[in-house]
Amino acid sequence: MNKIPASIFAAAALAIVVTAQAEDDRAKAVTMMKRDFHARSIAGMDRLNEDGLQALCNRSQNQPPKPIAERLQQDQLADIKYPADGKYLGDWKSGEKIAQNGRGMTWSDGGAGANGGSCYNCHQIGPNETSFGNIGNSLRQFGKTRGNSPQVQKYVYGKIFNAKAFNLCSNMPRFGQSGTLTEEQIKDLVALLLDPNSPVNK
Ligand code: HEC
């Protein structure tokens, strides 16, 4: 029998130690969150639960095995509800307000009124807003560079509805799938990004 190099055992042992350490840190972090997050009104403890997709992304440093990622991404894609009237472009002026608005779904809102999209938290979008985050790419001149074809409109609608249908471990929230934004609101955001009259494309 061939001798197995000791380095293989060392690497395997190290992998087990690293994985165990990561799980230990995760357990500590979850305990801390559960200790410090207090359920109030509509904001229940269930908000700390991850779904299966998040569990997979969280435990693989956002790099799940490719065949599984592809399969799950297909499931997310198949779950997108596109507008029954086949129209994707709403009102860009309303879209700008939704992109600016970061309110909604907190215990103090009580769940009443429309939610915001907080898009500027992560994206540069219109020319008049100079305070924006950069976790997401700049969407400035998005329609001008990507075009405004029905395919692009459908893609942007779907991306806002469920970003993880196009990039499984995306950091972007699933606005339609989670019920945060309505069909009409998503159409308004598509218009903000793609309508040639929107300041985004000037
Ligand atoms: C927490 C951060 C975050 C928020 C909030 C967020 N996004 Fe994103 N978004 C991202 C990231 C990161 C990407 C790039 C990775 C990816 O494609 O998933 C992205 C990608 C996109 C894309 C695709 C860009 C391309 O080049 O194809 C669009 C369109 C988009 N976001 C629109 C929006 C809109 C509209 C909102 C508000 C309703 C929003 N995003 C809110 C993080 C965010």
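Derivation of every value follows stated rules applied to the coordinates shown; laboratory data play no part. Note that the structure is predicted; figures quoted are calculated from it, not measured. Here the Cβ positions follow ideal geometry from the backbone for every residue, glycine too, while neighbour counts run over all protein chains shown.
Taking amide H positions as modeled 1.01 Å from N, with prolines and chain starts lacking one, the residues under 5 Å from Cys122 and 5 or more places away or on another chain are Gly133.
By the Cα gyration tensor, the range 92-201 has an equivalent ellipsoid whose semi-axes, rounded to whole angstrom, run 21, 16, 14 from largest to smallest.
With helices as the sole contributors, the chain gives -14000 deg cm²/dmol at 222 nm; each DSSP H run of n ≥ 4 counts as -39500 (n - 2.57), and the sum is divided by every residue. Normalised Debye scattering of the chain at q = 0.14 Å⁻¹ gives log10 I(q)/I(0) of -0.94, counting only Cα atoms as equal scatterers and leaving out solvent. Phi angles of the range 73-81 translate, via the Karplus equation with coefficients 6.51, -1.76, 1.60 and θ = phi - 60°, into HN-Hα couplings of 5, 4, 4, 5, 5, 5, 8, 5, 9 Hz per residue; Gly and Pro are given as x. Computed from label points 7 Å out along Cα-Cβ, the spacing between Lys81 and Glu129 is 2.6 nm. A simple spin-label model places the labels of Lys154 and Asn62 2.8 nm from each other, with each point 7 Å out along Cα-to-Cβ.
Helix 150-161 and the longest principal axis of the Cα set of the chain meet at an angle near 60°. With θ taken as phi - 60° and the Karplus curve 6.51 cos²θ - 1.76 cosθ + 1.60 applied, the whole-hertz 3J(HN,Hα) list for the range 176-186 is x, 4, 8, x, 6, 10, 8, 4, 5, 5, 5 Hz, x standing for glycine and proline. A cut-off under 12 angstrom between Cβ atoms defines the neighbours of Val30, and their net charge, with Lys, Arg +1 and Asp, Glu -1, is -1. Under 5 Å from the amide H of Ala43 lie the amide H atoms of Trp107, each residue being 5 or more positions distant or on a separate chain, with H modelled from the backbone and absent for Pro and chain starts.
About its Cα centre, the chain has a charge dipole of approximately 360 debye under the convention of +1 per Lys or Arg Cβ and -1 per Asp or Glu Cβ, with nothing else charged. Between Gly111, Gln141, Tyr82, the Cα set farthest toward the positive side of the dipole of the chain (charges on each charged residue's Cβ, about the Cα centre) is that of Gln141.
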